[in-house]
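The values are calculated or read from the model by the stated rules, or taken from the named source; none is laboratory data. Just so we're clear, the structure is a prediction, and the values are computed from it rather than from any experiment. Note: ideal-geometry Cβ built from the backbone for every residue, glycine included; neighbour counts use all protein chains shown. Accessible surface areas use protein heavy atoms only, side chains included; no ligands, DNA or RNA. Shrake-Rupley method; radii C 1.70, N 1.55, O 1.52, S 1.80 Å.
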Amino acid sequence: MKFLCQIWFDTEKCKLVPQAEWDAVTQECIISDNRWRDSGHLLVAHALHEPSTAITLRLHNGEVSATDGPFAEIKEHLGGFVLLEAENIEEAKTIASSFPILKYCSIEVRPAYSIQDGK
């Protein structure tokens with residue numbers, strides 16, 4: 001089964017973390033990602049740039065419009081995602097619980113499926 005792990009950060013608290021601390025946890029995350037990738041559990045892992053770099057698309061009356069920045073003002077922002085292969089949600093939870101970034105965020109673990117085959 002595949003599981004999407006969404007990495008959610010408290011936007012204001014992130015601003016208080018010193019750059020050296022971010023750099024250190026980034027190195028820890030690289031080591032962790034490589035370990036889970038080597039075991040066959042980690043399929044994809046990507047960090048996201050800050051929400052201000054986003055473009056939000058909307059369809060209204062058949063026309064697409066684009067707006068700079070995130071769609072809504074929120075206290076947390078999506079900072080990255082990991083796609084896991086695991087036997088079940090308990091195994092996915094165990095894997096995500098080992099991610100070093102958990103010191104700075106919450107991680108939502110959600111089963112994923114292919115819309116083509118419904119699995």
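The figures follow:
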{"quantity": "Matching residues in segment 88-119 - criterion: being under 16 Å from residue 4 (Cβ atoms), open to solvent by 90 Å² or more (accessible area, probe 1.4 Å) and part of a loop (DSSP other than H, G, I, E, B)", "calculated": "113, 115, 119"}
{"quantity": "Residues that are touching a strand residue (DSSP E or B) at 6+ places or on another chain (Cβ under 8 Å), charged (D, E, K, R) and modelled with pLDDT under 95, drawn from segment 55-109", "calculated": "58, 68, 75, 76"}
{"quantity": "Qualifying positions in segment 75-87 - charged (D, E, K, R) and either in contact with an Asp or Glu (Cβ under 9 Å, 6 or more places away or on another chain) or not in a strand (DSSP E or B) (or both)", "calculated": "75, 76, 87"}
{"quantity": "Every residue from segment 74-87 that is open to solvent by 30 Å² or more (accessible area, probe 1.4 Å) and under 17 Å from residue 111 (Cα atoms)", "calculated": "81, 83, 85, 87"}
{"quantity": "Selection status of residue 97, free of Cβ contacts under 8 Å to residues at least 24 places away in the same chain and among the small types (Gly, Ala, Ser)", "calculated": "yes"}
{"quantity": "Filter pass, residue 58 being in a helix (DSSP H, G or I), free of Cβ contacts under 8 Å to residues at least 40 places away in the same chain and surrounded by 10 or more Cβ atoms within 10 Å (Cβ to Cβ)", "calculated": "no"}
{"quantity": "Failed criterion for residue 49 (all others in (1) more than 21 Å from residue 2 (Cα to Cα); (2) in a loop (DSSP other than H, G, I, E, B); (3) touching a residue at least 24 places away in the same chain (Cβ under 8 Å); (4) not basic (Lys, Arg) hold)", "calculated": "(3)"}
